[in-house]
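A.B. asks: Before anything else, here's the structure in question.
Here, each number is a calculation from the coordinates, and none is a lab measurement. Here the structure is a predicted model, which is why all the values come from computation and not from measurement.
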């Protein structure tokens, strides 16, 4: 009985932080806005052109071909704060993959900052991060934890009753 209780307690404690973590995802239908922010059809300094855009669940990846460079320049946009960003705006943290010219990063920061006002990240709960939420919605693990604690209480009560029975 004690082993089952300790296993349940460990499970609750490890499940709570994972369930409480909120991730922000790229919403559908934003392809034209993303293309405009990343410079589709335009030459950006220093003579770079957008050649590919990949919109994943939690990131946007723009690949550029820059004149005089053999390797493509890659810029990855995620929800701020991001890790080791090359630059940030109100809605994005951008990181550079490979050698990305500083002039391209500066041009992208300016383009994104002037166009991002209509962008809204979606949280894993399906709501924009600035949307009002219900009191309990930030704690999806709470009903699970309460259920587990109730089961532990019932198990402990059963154990106490079994010990009190005359043999």
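A.B. asks: Find the percent of Cα-Cα distances in the stretch 24-123 that exceed 21 Å, and round it to a whole number.
C.D. replies: The proportion of pairs with Cα distances above 21 Å equals 23 percent.
A.B. asks: Taking the convex hull of the alpha carbon atoms in the stretch 41-88, what volume per residue do you get, in Å³?
C.D. replies: 94 Å³
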